[in-house]
Amino acid sequence: MTKTAQDIGRVITRYGAELILETASGEQLRCTTRRKLEHVACGDYVRWQVEPQGNASVLAILPRKNVLERPDFRGKLRAVAANIDILLVVSSWRPEPNWEMLDRYLVAAHLLPAEVLIVFNKADLRDRYHHPEQEACLREYFEIGYPIVHTQAVDGNGLAEIVEAIQGKTAIFAGQSGVGKSSLISQMLPEQVIRVGAIGETGEGRHTTTVSSLYQLAGQASLIDSPGVRDFPLPKLTINQLQAGYPEFTRFAGECRFNNCTHQHEPSCAIKAALAAGELPPRRYQRYLTLLKSQSNN
Ligand SMILES: Nc1nc2c(ncn2[C@@H]2O[C@H](COP(=O)(O)OP(=O)(O)OP(=O)(O)O)[C@@H](O)[C@H]2O)c(=O)[nH]1
Ligand SMILES: [Mg+2]
Ligand SMILES: [Zn+2]
C-alpha cells in the first residue's frame with residue numbers, strides 16, 4: 001500500500017480522539033480522528049489513510065444504515081454503535097428484569113430498524129430469583145411472538161441459539177449493567193480477554209464495560225459489547241413511532257374509531273376492546289400507558 005492510498009475500515013472501539021480500526025484485510029490499527037469526526041462510533045465504516053507522518057487517520061464516516069443512541073449524563077444524545085442488524089436486549093434474573101426498559105429497547109429496535117432478540121441470561125438463577133409475576137411478564141413477550149433465548153454464560157448454555165440468530169450480522173448486546181453481556185461474548189470468543197465484573201450485594205451491576213467494542217466471531221458475525229445502562233430513555237416520539245414498538249397492536253390496525261387513537265380514553269377503541277376480551281397481553285399494555293404518559297411529560 002502506498003502512503004497516500006485510502007482504504008475502508010470499521011471502527012472497533014473508540015477512546016476519545018483515538019480509535020481502533022479493523023482494516024479491509026482484517027488487521028487492527030490505531031487511528032486518530034479529526035475534530036469534525038467527533039461523532040464517529042463503534043461499528044462505523046470509515047475511510048482512512050496513512051498520513052505523511054506515518055500515523056493513520058480517519059477522513060470520513062461512510063453513510064450509516066442506522067445508529068443506536070442514548071443520552072449521556074447531560075442529556076445529550078450519544079451514539080452507542082452504528083450499522084446494527086440485530087439488537088440483543090439482555091436481561092437476567094439477578095439483577096432482576098426491568099420490563100419497562102425492555103419495552104423501550106424494543107421500541108428503539110423497531111425504529112432503528114433492526115431485528116431483535118430477547119436474551120434471558122443467568123438461567124441457572126431462574127429458580128432462585130424468579131417469581132410468578134416476572135414469569136407472567138416474560139410469557140407475554142413469547143405470546144406476542146418475540147424471539148427469546150435463555151442462556152447461561154457461565155457454561156455456554158443457549159449460546160448456539162444466539163449464534164444461529166446472528167449469522168452474518170452485526171449484533172449489539174445491550175441492557176442493564178451486570179446482566180452478563182460481556183460474559184456471553186467472552187464465552188463465544190474464548191481467545192479474547194474481555195473484562196467482566198461481579199455484581200454487588202443488592203444485585204446491581206458495576207458498569208464494568210465503559211466503551212462499546214466490536215469483536216469478530218470468525219466468519220459468522222460481528223458482536224458489539226456495549227456499556228451497561230441504568231436506564232434507556234427514549235427521545236420524544238410521535239404516536240406512530242411509539243406504537244410501532246407494539247407489534248401486538250398491528251392485528252387491530254384501522255379498527256379504532258379514530259385513526260390517531262392513542263388507545264387510552266378514546267371511545268370505540270379496538271385495543272381496549274381486545275384487552276377486555278383477553279386478546280392482548282395486559283402487562284405490556286399497562287406499561288405502554290406508562291410510556292405514553294412519560295412521553296407527554298417530555
Ligand atoms: N450465575 C451466573 N452468573 C453470570 C452469568 N453470566 C454472567 N454472570 C456473572 O454476572 C456478573 C456480571 O457479568 P458481566 O458480563 O460483567 O455483565 P455486563 O452485562 O457485561 O455488565 P456491564 O459491563 O457492567 O454492563 C459477573 O460476575 C458474571 O460472572 C450466568 O449465566 N450465570
Ligand atoms: Mg460488560
Ligand atoms: Zn384505540
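So here's what we get for this one:
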quantity	calculated
Residues (without any contact (Cβ under 8 Å) to a residue 24 or more places away in the chain, touching a Phe, Trp or Tyr at 6+ places or on another chain (Cβ under 9 Å) and surrounded by 14 or more Cβ atoms within 10 Å (Cβ to Cβ)) located in the range 61-83	Arg64
Tabulated pairs, the range 178-203, first within 13 Å of ligand 1 (Cβ to nearest atom), second open to solvent by 40 Å² or more (accessible area, probe 1.4 Å) and of a type in the set (Asp, Glu), C-beta under 9 angstrom, 6+ apart or interchain	Gly178/Glu204; Gln187/Asp155; Gly203/Glu96
Only one of Phe173, Phe249 that is among the aromatic types (Phe, Trp, Tyr) and either within 16 Å of ligand 3 (Cβ to nearest atom) or free of Cβ contacts under 8 Å to residues at least 12 places away in the same chain (or both)	Phe249
Check on Ser57, hydroxyl-bearing (Ser, Thr, Tyr) and open to solvent by less than 60 Å² (accessible area, probe 1.4 Å)	yes
Scan of the range 204-219 for residues that are open to solvent by 20 Å² or more (accessible area, probe 1.4 Å), outside any loop (DSSP other than H, G, I, E, B) and either of a type in the set (A, V, I, L, M, F, W, C) or touching a helix residue (DSSP H, G or I) at 6+ places or on another chain (Cβ under 8 Å) (or both), ordered by number	Tyr215
Members of the range 258-273 found to be more than 9 Å from ligand 3 (Cβ to nearest atom) and either open to solvent by less than 60 Å² (accessible area, probe 1.4 Å) or part of a helix (DSSP H, G or I) (or both), listed by number	none
Residue list for the range 220-257, filter: open to solvent by less than 40 Å² (accessible area, probe 1.4 Å) and within 16 Å of ligand 2 (Cβ to nearest atom)	Leu223, Ile224, Asp225, Ser226, Pro227, Gly228, Val229, Phe232
Wholly within the range 108-195, strands (runs of 3 or more DSSP E) carrying at least 2 residues that are more than 16 Å from ligand 2 (Cβ to nearest atom) and of a type outside the set (S, T, N, Q)	115-121, 148-150
Some residue of the range 75-83 being assigned by TED's automatic domain parsing to the domain that holds Thr209, among the charged types (D, E, K, R) and either at positive phi or out of contact with any strand residue (DSSP E or B) (no Cβ under 9 Å at 6 or more places or on another chain) (or both)	yes
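The values are calculated or read from the model by the stated rules, or taken from the named source; none is laboratory data. All values derive from a computational prediction rather than experimental measurement. Here Cβ is always computed from backbone atoms with ideal geometry, including for glycine, and neighbour counts include all displayed protein chains. Accessible surface is based on the protein model in full, side chains and every heavy atom, while ligands, DNA and RNA are left aside. Shrake-Rupley method; radii C 1.70, N 1.55, O 1.52, S 1.80 Å.
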